[in-house]
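Novice: Here it is, the structure, as structure tokens.
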Amino acid sequence: MTEALGPGRRDRRAWLRLRSSNFGLHRLLLAQGGSFLGDGLVLAAFPLIAVHVSRTPAAVAGVGLAATLPQLLVALPAGLATDRAERRTTMARAAMLAAVALATLAVLLDSVPVGLAVLDLVTFVVGSAQVLIAATGSALLPQVVGSDGLERANAWLFSMQHAVGSLGGPPLAGVLVAVGLVAPMWTAAGCYALAAVVLASSGTAFHGSDAKRASSLRADVVEGLKLVVGHRQLRAFMATTAIANVASEGVLVVLVLYAVAPGPLELSGVGYGLLLSCFAVGGITGAAATKRLRRVGRGKLLAGSVLAIAVGLAGPGMLVDPYSAGLALAIAGFGVGCYNVTTVSFRQRVVPAAILGRATAAYRLVALGAVPIGAVLGGVSAKLLGLRGSFLAAGALTLLCLAGIAVVPEGALRSAES
């Protein structure tokens, strides 16, 4: 709700300002920021801890598997919990679960030898909490800001995720690991605990569906799946996101071989980190620019975003200096930022609040479940086509997304929202 400043004038910042007695966007941003930083710390620190426990490839692979499994195993139950329970409380409890798991691991690392099984278990628990936080936060946002503020609010969230999770978390984890293995664990636990406290500091309730209704758990899960699969635009967005994720992951898994010496770009480890940060900077810029770029029409904006991603992913295959490669990744990140803000805001508008958690979980199950496929295909294409050939193939694969975007012109989007 906005406040009138005079004839024809409205306060553009009122979407962010809320009374202290209410749970508003400022608190949701603070809570999400804490969880994003915790995510970034965990993402970088857990493989380093795995190498400390065992220097075998299986150790690192096991941690990676434990981190990705929750998206496949927990996504649908997380969506169900999001819709059946009070959302702010659910999100707070998930954040506290992650904090307790990380604090427990820190205590164990500081007192007794920790095996891979314990590390993998904690990784799975924290990953499960992250899935629940993501599902609940996405369903909670439209209830907090309303339909008109979705693009701006999502731009804030995606920019924060890139800035805090991608640019801030991994470097900070590297610094903290130099102090001691438990340092990033305690810091990440504190980040999640902060998120939990902020979420629990208001009595405002945000409910989804009626938790006491007679429908079965299975029926509720199927309801979310049917809605996404049966909705023409959501189905198209889900498919195009999955394809783009396959292509992006295919590039990321082999980029280190291309970038770090003796690869063609001849970068050091620090240079490689800076190269990856270009993607995050592009994502922040794209998310921030989406509101203004929407004036050209969302269909055209999405098509342009796909083209930017395709060019950016193919770029390293045509460029041999690190500056041009960094620019290419920034272009890809820009496209991802625009695409995510546009599609997520649309999904939050067209899906009823009562089922948004389950619909989001079903959508993310397919879209993010494609990431492991991309990792496998990236390795295979690099072996068959060479590194440069695999980048070009990823760009060409991304262009397939244009077929899905063709069925979502601005008129169709407006009709679905109405």
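The values are calculated or read from the model by the stated rules, or taken from the named source; none is laboratory data. None of these values were measured; they are calculated from a predicted model. Here the Cβ is made from the backbone with ideal geometry for all residues, glycine too, and neighbour counts use every protein chain on show. The area values use the complete protein model at the heavy-atom level, side chains included, leaving out ligands, DNA and RNA. Shrake-Rupley method; radii C 1.70, N 1.55, O 1.52, S 1.80 Å.
Novice: Sequence neighbours fewer than 8 away in the same chain don't count; with that in mind, list the aspartates and glutamates whose C-alpha is under 14 Å from residue 291.
Specialist: Of all the aspartates and glutamates, those that pass the test against residue 291 - Cα under 14 Å, at least 8 places apart if same chain - are 148, 151.
Novice: Per the helix-only calculation at 222 nm, which mean residue ellipticity applies to the chain, given -39500 (n - 2.57) for every DSSP H run of n ≥ 4 and division by its residues, nearest 500 deg cm²/dmol?
Specialist: Rounded to the nearest 500, it is -26500 deg cm²/dmol.
Novice: What length, rounded to one decimal in nm, is gained on full extension from residue 274 through to residue 222, with 0.36 nm per residue of separation minus their alpha-carbon distance?
Specialist: Gain in length upon complete extension: 14.4 nm.
Novice: Work out the charge dipole of segment 285-418 with +1 on the Cβ of Lys and Arg and -1 on the Cβ of Asp and Glu about the Cα centre, then indicate which of 356, 303, 334 is farthest towards its positive end.
Specialist: Positive-end residue among those listed: 356.
Novice: Report the label-to-label distance for residue 416 and residue 289 in nanometres (one decimal), using points 7 Å from each Cα along the Cα→Cβ vector.
Specialist: 2.4
Novice: Between segment 332-409 and segment 285-304, what's the alpha-carbon centroid distance in Å?
Specialist: Segment 332-409 and segment 285-304 have Cα centres separated by 17 Å.
Novice: Now for a separate question. Count charges around residue 299 for me, please; just the other residues with Cβ under 13 Å from its Cβ, Lys/Arg as +1, Asp/Glu as -1.
Specialist: Local charge sum for residue 299: +4.
Novice: Could I ask something else about it? Compare the Cα positions of 147, 204, 101 along the charge dipole of the chain (+1 at Cβ of Lys, Arg; -1 at Cβ of Asp, Glu; about the Cα centre) and return the one farthest towards the positive end.
Specialist: 147
Novice: In the chain, which longest range has no trypsin sites (Lys or Arg not before Pro) that are both DSSP loop (not H, G, I, E or B) and surrounded by at most 12 other Cβ atoms within 10 Å?
Specialist: The longest such stretch corresponds to 214-418.
Novice: Give, as a single signed number, the net charge of other residues whose beta carbon lies under 12 Å from the beta carbon of residue 155, with Lys and Arg counted +1 and Asp and Glu -1.
Specialist: The answer is +3.
Novice: Quick check on segment 85-199: take the gyration tensor over C-alpha atoms, sort the square-rooted eigenvalues as a ≥ b ≥ c, and tell me if it's rounded (a/c under 1.5), prolate or oblate.
Specialist: Cα axes put segment 85-199 in the prolate bin.
Novice: Local charge sum around residue 345 (other residues, Cβ-Cβ under 12 Å, Lys/Arg +1, Asp/Glu -1)?
Specialist: Taking every other residue near residue 345 into account, the sum is +3.
Novice: Quantify, in whole percent, the carbon and sulfur part of the accessible surface of segment 261-322 (1.4 Å probe; protein heavy atoms only).
Specialist: With neighbouring chains kept in place, the figure for segment 261-322 is 70 percent.
Novice: For Cα extents along the principal axes in Å, the listed values are (i) 62, 52, 46; (ii) 77, 62, 40; (iii) 76, 57, 43; which was obtained by calculation from the structure presented?
Specialist: After the calculation, the listed value that fits is (i).
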